[in-house]
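Below is one structure; the comments refer to it alone.
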Amino acid sequence: MTDTATLTVRRLSPVAGAEITGMDLTEPLPPSLRDAIMKAFLEHHLLVFRNQNLTADQQHALTLQFGPIEDHVARRADGSRSPVVHRVHNLDERDQPTATPREIGNYFWHTDKSYHQTPSLLTMLHATELPPVGGDTEFANTAMGYAALPESTRHEIADLRVVHSWESSRRNTGGRLATPEEVLERPPVTHPLVRTHPDTGVKALYLGLHTSHVVGMPESEGRALLDRLLTHTTRPEFVYVHQWRRGDLVIWDNRCLLHRAVRNYEMDTHRRILQRTVVRGTVPF
Ligand code: SIN
């Protein structure tokens, strides 16, 4: 337990995650406290603030204290764009719980918006409604995964670039396909397979649901490599499982963590709703 004048931090797992208690995030953060949070964020990659109760406007204001807020590209069933403060949920058009929600990408390992040239830095989820049991989110540390690779593999993948595309991520989920409009507004981009964290200098694998293929490699060979690396870096020893409590507000670093929601709850019976905002990052290198 680290106890400073302003912040009490308790490590939750050796992989990622620390709990911060005794804070009210509805109020603007003094710069020194904000800096202390960012220091803990870089050290632990994921922070859990317990017992919060933020309105959409308050979460919007809080997010802006960590950087520029990201527009949300997703569209609702009626075609309108989701607001920057939006909900991740398992509800159908009639607001009823369903095991087959329209968007299911969050149930696959991914790092947010890797299909953008400038992907997400930090995602903030605030649990407002939860199933009585389950509904966890898993986080995999891709810097630990990278560091644990054999030297020969690290050498082999050092300069590879990977295509990330919304269209292929839709295909990878087996859910709804991308609409022609979405394909036009989200063209494929390439990113390094090994990215260097801009704040810590630590290298991490950068891959997940949105990856399509490896540049300059036969498609099946590249796909097999990506699948192998994903299986490696999501092994249990690199994973922190977050079991949500109502009021949790979690922020995580998309530059070194993959995440996915877990279907370990009765999706067609219980509502699972998390209020979400995202801070825009920088171009991976
Ligand atoms: C997300 O992918 O941003 C949300 C994860 C979750 O639903 O737990």
* Asked: Of the peptides 275-283, 179-187, how do they stack up when ordered by the mean number of other Cβ atoms within 10 Å, highest first?
  -> 275-283, 179-187
* Determine the share of the chain's accessible area contributed by carbon and sulfur atoms, expressed in whole percent, with a 1.4 angstrom probe. => 53
* Asked: Given the options Gly134, Gly216, Gly67, which has the most mean-square fluctuation in a GNM of the chain, springs set between C-alpha atoms less than 10 angstrom apart?
  -> Gly216
* State in Å² the accessible area per residue of the chain; use a 1.4 Å probe, count heavy atoms of protein chains only, and round to the nearest integer. => 45
* To do: Order the peptides 149-161, 241-253 from the highest to the lowest mean number of other Cβ atoms within 10 Å of their residues.
  => 241-253, 149-161
* Beyond 23 Å, what percent of the Cα pairs of the stretch 77-227 remain? -> 44
* Taking amide H positions as placed in the peptide plane 1.01 Å from N, state which residues far from Leu257 in sequence (5 or more) or on other chains have amide H under 5 Å from it. => Thr142
* Structure fact -> Checked the chain against the a/c 1.5 cut and the a/b vs b/c comparison, axes a ≥ b ≥ c from its Cα gyration tensor; verdict oblate
* **Three-way shape call for the stretch 1-153 based on the alpha-carbon gyration tensor, with the a/c threshold at 1.5** => oblate
* Structure fact -> In terms of the alpha carbon gyration tensor, root eigenvalues a ≥ b ≥ c, rounded if a/c is under 1.5 and otherwise prolate when a/b exceeds b/c or oblate, the stretch 158-276 is oblate
* Structure fact -> Most fluctuating of Pro188, Pro218, Pro28 in the GNM of the chain (C-alpha, under 10 Å) is Pro218
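The values are calculated or read from the model by the stated rules, or taken from the named source; none is laboratory data. All of these numbers come straight from a predicted model, not from anything done at the bench. Don't worry about glycine lacking a Cβ; one is built from the backbone with ideal geometry, like all the others, and counts go over all protein chains shown. Please note that ligands, DNA and RNA were not included when accessible areas were found on the heavy atoms of the full protein model with its side chains. Shrake-Rupley method; radii C 1.70, N 1.55, O 1.52, S 1.80 Å.
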